[in-house]
Every structure is written in structure tokens, then in C-alpha cells.
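Just so it is clear, none of the values below were taken in a lab; they were calculated from the coordinates. The model shown is predicted, which means the values in this text are computed figures rather than measured ones. Heads up, the Cβs are rebuilt from the backbone with ideal geometry, glycines too, and the neighbour counts pull from every protein chain shown.
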Amino acid sequence: MEEVINALMAAIMSNQVNIPLLQPLFRLMVQIPGAGFMVSFILWKPFFAALISPGFATLGILLLFFPWVERKLCGRIQWRVGPHEIVWWLGGIIQLLADSLRFLFQEVIVHKDAQRPYFLQFPFLTFIPTLLPLLFIPAGSIVAIQTPYAIQIILALVCLFPLFIIGLGWASNSRFAFIGTVREAFMYFAYEVAFIVAVLAMVILYGTSDLVEIGAHQAGWVWGICINPVAAVVFFIGAAMATARLPFEIADAEQELAAGPHVEYSGIGFGLIYVICYEKAYILSGLMTVLFLGGGSGPQIGVLGELSGLIWFLLKTFIVMVTLFVLRVLYPRYRLDQALNIGWSSLLSLSLFALALSIAITAVAGAGAVAGAVGGGIV
Amino acid sequence: MVEIKTAEGEKDRNISILKTGVLSPLKRWGVKWSLWPCHFVTSCCGVELAHAFACGFDGERLGTLNMGISRQANFIIVEGTITRKMARALRIVWEQMPDPKFVEVIGACGERGGLFWNSYNITRPSDIVPVDFFVPGCPVTPEGLLRGVRAVQHKIEGLDRTTIKFKRVKLPSEPEPGQGKENMVPSSPKVFAPTPAIKVDIRRDVEWAFGAELVKRLESELEGLYERITITDINRIAIKTLPEHLTELAGRLKSGLGVDHVKNVNVIEVPHERKYIVEYMVSGYREDLKPVIINIFTEVGRKPDGEPEQEVPSIARLWASADYSEREMHDFFGIRFAGNEWMGRNFILAPELHTPLRKDFKLDEERYVLEGETPYAPSIKPPTELELPLPPGLLEDAEANEELVALVGPHHTGSGHLRWILRMKGDIIVDVIPDPGYVHRTMEKLAENRLYIQNIPLFERANISDPINMHLGYVRTIEKALGIEVPERASYIRTIMAELSRIGAFFYDSGIFSLFLGHSTGFMYVWAIREMILEAMVRATGSRCTPSFIIPGGIRRDISREVLELIDNFTSAIHRRLRKFEDIFIYNPVFVARAKDVGVLTKEEAIRCGIVGPFLRASGVEYDVRKVEPYEVYDDLDWDITTGDAGDCLGRYMGRYEEIKESLRIVKQAVDTLKSLPRGEIISKELLGEYKAASEDIKGHLFHVYGNLVLPRGEWTTVTEAARGTLLYSIVSDGESNVPYRVRIITPSWLNLRGIVEATKGERVADFWAIYGSFGYFPPEADR
Amino acid sequence: MKKVIVHEQGLGEKVVRHARAIGVSMKESVYPLTATVFYPRERKKMPPNLRGYLMFEIEKCISCWECAFICPANAIQMKEAPNRRYYPTVDYGKCIFCHFCVDSCSSGALYSTKIHDVAYRDMDEMLTLTEEMIEQPEIIREDKRSVEYVIERDDMHLKRRREQDTLFVEPTPPVEIPMVSQCIDRASCIGCRVCEQVCEHGAISSIMDTARNVLRMKIDTERCTGCGLCVKECSMQILRLVRKTR
């Protein structure tokens, strides 16, 4: 028994998040029985990655504050203020807390035409594809599950997003939800192929689909976006389509379809749907950061150890997310056929071009070592 | 059948829900800062609602995020009038919302009825849903609206209070020495002629050479079909005919003379002469016919019970533009137009309101003495059922053709205050059926019961995003009847105000258009510009949206030099923000992609459906009332008509945008001229009589001068170029009463409705909102 | 005539236009042209001619009923005061703030304030009686600053001041045009005494002419305020308002 615990401890201790700044404190904590185990368990990489950062806790904080950032920034661009009066000296920073409390305590209406069990289940089920990819996205060297199939798994889960939205719409059993669902299905096919091909281009470029390794490849300043900008553009547009950001907010067009698949949801059901869209954006932004923006690379802050990579990763992800969300102040929405046209013609051909570019670069520079080689060449 | 009625105890249910449970403080705090109003635009206060939530005041600061969908909202802001038709939607939306939910009513119409207090088609929201707070105003200011939001927040906190406190003083109790012992209550100031003599074709000798020629031509062309042809005024001809000759006469006018559209269909009931007069006002877009309005009228007998003795042949087959107005007249008077395929009900759903515009349908009279402690308001029973009927057979027909029917509105983020019935096959719209009448506030009937001067604010409410042009048209009709010349200075000020109003209306429509396409920044940017216009308006007149500033003979008061300076600055200050707006919206490639080649109306189609104003010009017809029949000082200023050829959404929009640049030119020139004009008379002394001293400011003498205004006998028709097109007023006066006998108002939005329908057919579903937005349709204006 | 021609955007123009739209949003996110008034905490300065809540000076009122007659919404109804004179009451549940009443008030008894943001709990509270319109009301104010819109040649700016804007303005009196009631055709008088009964100032009195057994009406030009009620009510329409001559 003791052996097992010891082995477990050893396994945990061998895979700790290394933070030089806090090391003395941890050493102190280790002296205390129980607390020591707690600290080392928390700092155990897979646990830390999945539940603290970039996983659950970070996501939770992000969900509480990101919509505020988005609303404030959009407000600013639109010559107004955004949420403000709730604590006006802090610019209304806890606005989302009020909104979520309100959703939590509000009546949940299931109208009589809805497919009751599914109507209630789907908002929760949607969390499966939106939360699981978090396990595979590395922030610097911190990752919950490191596997050579990370990209494939994430892509598979990302491709599940629309299914659940279609489920929501179907369970709602309302005309606008129906139209929205059909549109979602159409949009799904429009971006999916190009999106996957763009990722594939990067996989070819790096010669691996292990995201930690991909991150490590871009350790210098030569990020994926510099080597294959076309793929980055395709990925970004694909992400905008996948998260239904304007100008591709076609399935839940509020002015046309009264929010499409979400039209019948109220209270916490809508609250969940509301945050899911931010979660999706978080995952795709994280993926974009790792694939194109160098993951956790950046000037190493010595005292923070591995947290340094984490911070750079979060910062970049945040910027990508803001860019995704600020699109809504910039563009009106495309019509469905126009979006399909973009997806199936421009985007697809661009992605194929990106693929060709990757193949060409790889052929010239030799597989696997591309990033390093090109990077070395430039530096 | 569900009875609509606010039940006892409903009013504070929201608070009692919040007060229960251990987590009550958290619940209250959350709800307090997260009141999401569901976007339920019911009437014209919606304009100020938009201002309150746009960049001028930004309601989102308070945590109130405007949300389109009832299920996700917890707050209704009832924006003014709830008609009998809209009441059903209001109750449905309220029922759809999750608890706890709050209601704020803004605007006088939603309280005791405001200007429409004795209208036959309104209800009081407080009878339909429990209301937490009422905000007075017409419309309310954005501050008032936000004050209501604050009041609700305070109520959630536990501070349920009215936000004004009056101090009572003791009134004098001693009668003045020598005061009469008996006090008589004076009678109503309104004078109704008991047997008014109604004649719509009174001959007037005017110098109009083309008219004489035209009459000769008409006489030879219409040989045997007419009873008499009269020149009633410059550019106005009346032709009397028999109902059985109507179709043929119209056909000959169309083929022989090139008359191509109907401006107005009107019915005048003369009960004591046992007849209805049915009028068609037609005109043509041929160069020489443009200013001419030919009034073809016929008389139909009236049975003692009010029913017409015979049907009138419809001319909608000749001129499609007559179609909707014929339906409307059927709704109001019960006259059947034989051949018009749809003779159902549009505006009025209540069975007890059969043909309300007939004279035997009486409205409640004003009371001038306060009895007891409640002001007089007629008792109104709210409608008893929630159902909003669909055209019969529609669903079966759609199912047979494998089409999907979707009802857009009246509660829908992209519907405005009317319902659109979309029939779709896949992503293609097969047909769209408009269901107007949700804001039908019965202006024509009310106008027959009010003094001429009291109708100025009334008609202004038809469209408070373009208020000046609305009442300018009405006032011009009165001036035409009385033959008054407006002082030059007043005329310049009117022109400036009318153009500012036009600019404001364009930006209003532009904002709604961009919102329909999902572009909220476009909306916000123009609302900042509108805020500037309203600032100029409030400084000049004292009211942001409803100035009621133009009165017969001039304007209410002069505007100061500082305000003039401000308007002058505005014409150049607007450009900085406009350039940004251009970059982010007008030339945005996504917007261009959405609007270009969508909803195309060719010149012929546009004329056939009878659309007007900038939308007609965008299809290539060069017709602008300001050029064709110049009024005010438009003739003295240098500006151009804008036309286009495309006839698509982008063409319509850009045409209006260029027109606004012309408007800015007009304003600039007029302001420059006005600066050099000496201050002085702004109301025609001719009209003031004894009160000439008030010619610089009407303050103190409005009722003396205008209370007893009587128009000469006859029918007076004017057209005005409002922001969205030709606005037609036709006043019938008996020459004795100081209230109009009949006022007919045809608003541009009402005429444009058919254009929207025609342009939408065959387009994609999402294009509907692009087309709808490009037409700048303003439902209160259309429903009147 | 100006012809608007909208051409298709080519690829190059599209790129430029995208870039410009992005440029605007970047610029505005750094240096925005914000035009927001933080309403509950600050108040937009309204011009003195703003048409807001009404105030009433009872000494000036001549009870001419014109405010009630002109009101298009029938919001003003007259109420009899203890001194048997009629004074206006306003129902803000109907009032549309057109201020036709203020413009009709020849004595300047009705005047405006700048109050325009009030929320009521109950519709019955919206009736404001005469005795409540005389003193300045108190409203709940949370504002500490005032904001003024300044429109200059380049743009609109918001000018903020650390002061509470006063909501009450000095009324400007109307041009005085003294009128008096006069009988133009005494012979037609039927002696119905309507004018005497309707006059709230006791300016009209009747004397029985016993000799001819008819009532003779007499107008006291000193007392007459020129309100015109008798002119309006006269059953024979023989009264007129004329300029008062001294």
C-alpha cells in the first residue's frame, strides 16, 4: 500500500510545474503534512493544466471577465461606454457576475412543443466537445495529456460543435430555431473542410501533430504565421465561422432569426449557451496560438519558470479572442449563400494553397526541421 | 380563448419572487444590474428608446442590455401606444418571459392614452400586463427612460417610490370681491356645423394655362364618361363620374393621358345627404403631369343604416398602387371595392369596431372640468383573445406547396411594429404578406374631432423621426386653404428645420438598416449624429423629437443667433463622424455585398407599385415635390435632385445618402441667408388680426389666434416631400366648423409598403431584412 | 440633377475598404469620439426653453380656460378652487409636452421647468393638482455634474462641469395685448345672462331695466381681463374682444 502511495507521490513529484519564484514557499508548505501533499498535487502538471490553467479555473475567470472586456471594447469603438455603473470606479468589471446570477435564479421555461428531455440535456451536453479539447492544448510546457494525436482529437471534438447546436435547435421545435439549425448545418460544411486542411498544412510543416512539440518548434520568433500566413488566415476565418462570429453569425442571426437555435432557451439554459460560445472561442484561439503564434514562446521570465510560457500563451490566446469578438463591430453579416460561397470557393482554395505551400517548404527544407531551419536561416 | 387582464397580485409578484429564499440578496443584486429589456417596439417612443441605448446615453452602462428575445429578457419597456391589435402581442410576449419580470411603460400613450386618449383603437398597457413604472412624456426623453430603469432598480432594492414629490400649498379660499355668485362651466370650444355642406369640386378661377388646355383634352378624351370637370386650384382638377364609368374612365386616363399612379384613395361620408364620396387622386410621372393631381370622384348612396348602396369598382388592376388604400377604406368605411381580391380586415380586429370612420361612430368628447380626483379617460375594454388571425387558407396552401411559413413580428428584432408573413421555399421567399395596423392610432378619425390647431401635434406623431415634414405638410394645407403668405424669415427657418428633420430621418433609417444587417456600429455612429440634430432641435424648439413648431402663418417663435450658429456648425461638424461612418459601414465590402443587386425594382415596377420619394428616384424617376411644386424657399436655393438607375437596396440607400449631402447644402445656404435677414415678423400678420403684436412670438396668444380657425369650404390637397417620400394631406372643410370634416393623410411609408412586397418576392430569406431596411419603413407612419 | 451610380467593388478596392474599416475600429479603440452622458450620475444640460413639467402662478391666472381648451390631449382639466375660481390641473398620464397651453396662456401664469425625467409607480399619482403646481417640486437626482453638448465647426464635444444644473428657469412673460370684451349689438341682447354666469371676475353684471322690463348687461372694463369666455358663450354672438384703450 505504502509503496503504491510512494510511487504515486514520486510520479506526482516528478511532474511538477516549476515556479522558481514560489519555490521557497512550497518548500515551507511541504513541511506541513497534508498541505504538502495538497500543494504538490495542485502543482502536478496534468492536474494543474486541466483544472487550473489553461483549464477550468482560467476558463471560469475568463468567462466572468471576457464578455465584459468584449462589451467594453465594442462600446468604446462604438463611441459609448459599455457596462459601467455596477461599480463605476472599476468600470463595471463585475457585470457578468450580475448577469450570471440573474440567469441562475431565473425561471427556466420549457415550452410545450419542445422535446423536453433533449431540450434540457443539450445545453449540458454541449459542454463535452467544448471542454474536452482543453486537456490537449498545451500552455508552454504545461499540458494535461500529451499525445502525438492531440490535433486529431481536438479537431474531432471541434467538429462536434455544430452537432450539439443542431440538437439544441431540433429540441426547441420552433420555426426560427429550425431555420437557424439548417443554416448551422450548411455553415458547418462550408468551413470544416478548409479549416481541417489548414490545420493539416501546419501538421505537415511541423512534421508532428503533438501540440507540445509544435509549440517547442516555434520557440524562437519564427511562428507558424510567418512561415505559412495563408494557413493562418484560413484558420482564423474558419474559427470565426465555427464560433459564429460576425460576419458569419448566420445561424443565430438575431435580427433575422431571433437567435436561431437558442430562441426558446431561458434562464440558466440560455446562460450555458451564452458561455459555450466563449468557450469555443477560447479553444480555437488556444489552438491558433499553439499552431501559428508560437504557443508559450516569448521572452522567458526566469523567476516564473514554467508559468512564463503559460502567461505568454494566455496573453496571445486572449488577443486572438478579442480579435475574434471585435469582428462584430466591424462587419455586418453575410447572407447564407455568400458565406457558403466564401467557404467553398475562396476559403477552400486558399487552404489548398496553404497546403501546397507547406508541402513546398517541407520539400525544400526537409521534413520536421522546417521551423528550426527557417528560423535559423532568418535569425 | 384567454382573457387578457392583469390579475390581482400580479403587479408585485416579481418582487415577492425575489424576496424569497436564503439567497434573496444575491438574487436581487443580480437582477438589479441585469435588467435585459426585450426588444418590443410598440410605437414611436422607440425612437427615444434607441437614443437611450445608443451612444448618447448608453443604457448598457446600467447593465440593461437590449435583448431581442423574450425568453431571455426579463424586462419590457412598453414604448407608447398599445393598440387593440398590439395588445395581444404584448400579453403573449409578457407570458413568454421567464419570472421575475418587470414592465416599464414610457410615453403618455401607454398611460392614459396621451394624444390618442379617445382613439377607438388603443388600450392601456396597465390593463394588459402589470406595470411597475410609468414615465410621462411624448416621447419621453432618454433621461426619462433611464430614470424609469433606475426606479425599477430601486424597487428591486426595496425602495419602491415615485421619483417626484410635489409640495402642496393652500389655494386661496376667499372669492374676489364682486365675483359672480353663480359659476357656469363654459362649453366646448369646438363648433360643428349641424348639416355641413360638403363639396369637393368647388370651381376656383386661377391662372393656369396648362389647366385649361388639360381640361379640354380631358373633355374630349373622356367623352360621355364624366359628369363634370372642374379646376379646383392650380394643378388640381376634379372629375365627377358615375361608379359604373369609373373603370373605363380610369383606363382612358391611363392609356390616353399617361396617368400612371394613384396618390390617394379617399372616402367621405355625408350622412345627411345619404351618400359616400369615393375619391381617387391620380397623377402621372410624365414631365407636364408631375405637379397635377386629378381627383376622380364618384358618389355612392348610403342606406339609412350606413351601409353603402352599391359596390365601387376597384381600380387596383389598373394601378396597383391603389390596392392597399382601397383595402384600408374598406376597413374604415365598409365600402366594398369590386375586383379587389382582398377585402378582409387589416387595421381593426375588434368586431365591435365596425367601420369606425363613419360619422355615426362617435368618439368620447373632451371634458374640461376635473370631477373628483381622477382625470377623465374613457373606459376601454382590452381585447379578449390573444389570437392574431392569419389570412384564411394560408397555412393549408403553403403546406400543399411544401413551403415554410414564418411569422416575423410584431415582436421580433427585425420586424418593427408590424407582422410579416413570409412564405419560403428553401432559402427563397415565395411571397411576403404584410400585416400592418399594429400602430394604427386612428389619426384620421381623431382629426375630425379636434380643432385645426390641435391636429398639429397629432399628425406630427405619425412619424417622430421626421416630425417637421409631417406637420409642415398639414400646416401648408391649412395655409393653402386660407391663402396666407408666410413671412420670409419663417419660411427660411421652416426650410432649415425640414431639412434637418430629413437628415435625421435618413440617419434613423440608416441605423435601423445597419442593425438589420447585424452591424451595430453603423447604428451607434449614426445615432451620435442624430444626437447632434436633436440637440439643434431641442435648442430651437424646446423638444427633441416632437417640436410642433410650425403653425399656420409661420412658426411659433424665432430661433436665436446662437442656435443658428449651432446649426451652421453642425453642417460642417457632421463630416468628421460621417467619414468614419462611411468607412465602417457605407463602403464596408460586406455591406456592399449584402445590398448590391438585391431587391431590384425597375422604373416600370416602381411606378406600378406606387412607391415614392427617394426610393422611386433610385429607380430612375425624377420626381421631387420640392422641385415639381416648390414650397417654402426651396426654389431660391441651389440644390439638385438625386436619382439613380440601379433600383436595388444599395442604390436606394446611396441615393438617400447623396440626398442628405444636398440637404446639408440647403441648410448651409439657408442659414447663411437667414443670418443676413433682419429679425422680425415670423407669423403672418394677416392671420393674427388683433394680435399683431405677437407676430414675433406667439407666446400667450395661440388660442386667441388659432382656436377658432375655420377653413373655407371645399377640399384642399397638398403634397409635401417628407424624408421618405410624398406626403399627401387632403382636408375637407364645410366652411362653418372649426374642426375639419375629414382629413386624409397618405404617408410615404404606406405607399412604399407595396414596394417592399414586390421587391422581396424571389429573393433570399436574409435579403428580406436588407430590402425592408433599405426602404426605411416606419410603421407608425404607415398605420397612422 | 445628380445621378448616383454605385459600381461593384473590385478586389483591390475591397482590400482597401477592409483595411479602412479595420483602421477606423483600431483608431476608435484608442481614441474614441465617445458621446455618452453618464445619466444618473450626470445630467445633460438642457436649454432654458425645454418643454418640461409645468408650473403655475396662481396670482396671474385669469381662469380663461384656454389651456384646457387648446390641450390636444385633454390633459389639462379645470378644477374649482375654494375661492370658486377654476384653475388648471395637469394629468401627466396624458400630457404630451407640446406646451400649447403655455403658448396660449396670455397672462403668463403657466410656465415651464426643465424637469423631464420622472417615473411614477401608479397612474393615479400622475394627476397634478393646482395646489401642487405652485411650488417647485423635488425630484430624485443622482447627478453631480452637468454636461453640455458643444457643437463646433470640427465636431461635437461634451463639456462637463462640476455643478448641478438648475432645473428651474425664470419664465419669460408673453407680449401683453390687453383686450376687453365689448358688446357690438346691444339691441340683439336677449338677456340670457350667460355672459354674467361664465365670467369668473364679476366683470359683467345685469341690471333690470324695470321701465322696459328687460335685462341690461354691463361690462366693467376695469375688471374685465379679456379672457374671452363671454365672447365664446354669448348665445347671440354679439360680444367681441377689442383692444383695450386707455
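What the table shows:
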{"quantity": "Net charge of neighbours whose Cβ lies under 15 Å from the Cβ of C:Gln164, counting Lys and Arg as +1 and Asp and Glu as -1", "calculated": "+2"}
{"quantity": "Relative compactness, the stretch C:179-243, computed as alpha-carbon Rg over 2.2 N^0.38 Å", "calculated": "1.02"}
{"quantity": "Coordinate range along principal axes, alpha carbons of the stretch B:486-553, Å, largest first", "calculated": "46, 17, 15"}
{"quantity": "Helix C:11-30 axis, angle to chain C major axis (alpha carbon atoms, nearest 10°)", "calculated": "70 degrees"}
{"quantity": "Three-way shape call for chain C based on the alpha-carbon gyration tensor, with the a/c threshold at 1.5", "calculated": "prolate"}
{"quantity": "Total charge dipole magnitude, the protein assembly as shown, about the Cα centre, Cβ charges on Lys, Arg, Asp, Glu only, Debye to nearest 20", "calculated": "2280 debye"}
{"quantity": "Unmatched cysteines, chain C - criterion: no other Cβ of a Cys under 4.7 angstrom", "calculated": "C:Cys61, C:Cys71, C:Cys95, C:Cys98, C:Cys105, C:Cys183, C:Cys189, C:Cys192, C:Cys199, C:Cys224, C:Cys234"}
{"quantity": "Residues whose placed amide H lies under 5 Å from that of B:Ala722, excluding near-sequence neighbours", "calculated": "B:Leu727"}
{"quantity": "Pairs from B:Lys263/B:Lys303; A:Lys112/B:Lys101; B:Lys480/C:Lys3; C:Lys79/C:Lys232; B:Lys761/C:Lys14 whose Cα-Cα separation, in the structure shown, is over 24 Å", "calculated": "B:Lys263/B:Lys303; B:Lys480/C:Lys3; B:Lys761/C:Lys14"}
{"quantity": "Shape of the stretch C:47-139, Cα gyration tensor, a/c cut at 1.5", "calculated": "rounded"}
{"quantity": "Spin-label zone in the stretch A:306-329 - amide nitrogen under 19 Å from a point set 7 Å from the Cα of A:Ile52 along the C-beta vector", "calculated": "A:306-315"}
{"quantity": "Amide hydrogen neighbours beyond the local backbone of B:Val369, cut-off 5 Å, H modeled", "calculated": "C:Met78"}
{"quantity": "Cα-based equivalent ellipsoid, the stretch B:13-157: semi-axes from gyration tensor eigenvalues, Å", "calculated": "24, 17, 13"}
{"quantity": "Cut-off 13 Å between beta-carbons: net charge of the residues surrounding B:Leu388, Lys and Arg +1, Asp and Glu -1", "calculated": "+3"}
{"quantity": "Approximate shape of the stretch B:145-225 as ellipsoid semi-axes (Cα gyration tensor, √5λ), whole Å, largest first", "calculated": "63, 34, 13"}
{"quantity": "Mean shadow area of the stretch B:659-784, taken as a quarter of the surface of its Cα convex hull (nm²)", "calculated": "11.5 nm²"}
{"quantity": "Mean separation of Cα contacts under 8 Å, 6 or more apart, over the residue count of chain B: relative contact order %", "calculated": "14 percent"}
{"quantity": "Kirkwood Rh in Å, taken over the protein assembly as shown so that all alpha-carbon pairs contribute", "calculated": "34.3 Å"}
{"quantity": "Selection from B:Tyr280, B:Met329, B:Gln96, by position along the positive dipole direction of the protein assembly as shown (Cβ)", "calculated": "B:Gln96"}
{"quantity": "Taking B:Cys109, C:Cys64 and counting other C-beta atoms within 10 Å, the order from fewest to most", "calculated": "C:Cys64, B:Cys109"}
{"quantity": "Residues whose placed amide H lies under 5 Å from that of B:Val78, excluding near-sequence neighbours", "calculated": "B:Glu104, B:Val105, B:Ile106"}
{"quantity": "Cβ-placed point charges (K, R +1; D, E -1), dipole of the stretch C:47-139 about Cα centre in debye, nearest 20", "calculated": "280 debye"}
{"quantity": "For chain A, fraction of C-alpha pairs farther apart than 34 Å, in %", "calculated": "34 percent"}
{"quantity": "Gyration tensor verdict on the stretch A:2-43 (Cα atoms; rounded if a/c is under 1.5, prolate if a/b is larger than b/c, oblate otherwise)", "calculated": "oblate"}
{"quantity": "The stretch C:179-243 - percent relative contact order, Cα under 8 Å, separation 6 or more", "calculated": "49 percent"}
{"quantity": "Least to most buried among B:His354, B:His704 (fewest other Cβ within 10 Å first)", "calculated": "B:His354, B:His704"}
{"quantity": "Neighbourhood charge, 12 Å Cβ-Cβ cut-off, centred on B:Glu366 and excluding it, Lys, Arg +1 and Asp, Glu -1", "calculated": "+2"}
{"quantity": "P(r) histogram, all alpha-carbon pairs of the stretch B:394-435 included - 10 Å bins from 0, percent", "calculated": "32, 50, 18"}
{"quantity": "Selection from A:Thr323, A:Ser345, A:Phe195, by position along the positive dipole direction of the stretch A:56-378 (Cβ)", "calculated": "A:Thr323"}
{"quantity": "Unsatisfied cross-links (Cα-Cα over 32 Å) in the set B:Lys627/B:Lys699; B:Lys359/B:Lys692; B:Lys254/B:Lys275; B:Lys199/B:Lys290; B:Lys85/B:Lys668; B:Lys32/B:Lys165", "calculated": "B:Lys627/B:Lys699; B:Lys359/B:Lys692; B:Lys85/B:Lys668"}
{"quantity": "Under the span-like rule (Cα at least 15 Å along the axis, Kyte-Doolittle mean at least -1.0), DSSP H helices of chain A", "calculated": "A:2-14, A:56-77, A:95-105, A:161-172, A:175-206, A:229-242, A:267-292, A:306-330, A:348-365"}
{"quantity": "The stretch A:193-247 pair-distance distribution - Cα-Cα, 10 Å bins, rounded %", "calculated": "24, 50, 23, 3"}
{"quantity": "Chain B, Cα convex hull volume normalised per residue, Å³", "calculated": "184 Å³"}
{"quantity": "Three principal axis lengths of the stretch B:669-719 [C-alpha, angstrom, descending]", "calculated": "39, 31, 15"}
{"quantity": "Relative contact order (percent, whole number), the stretch B:264-405, Cα cutoff 8 Å, 6+ residue spacing", "calculated": "15 percent"}
{"quantity": "Distance histogram in 5 Å bins (all Cα pairs of the stretch B:192-299, percent per bin)", "calculated": "2, 12, 22, 26, 19, 10, 5, 3, 0"}
{"quantity": "Peptide ranges A:2-8, B:707-713 listed from the most packed, as the mean C-beta count within 10 angstrom indicates", "calculated": "B:707-713, A:2-8"}
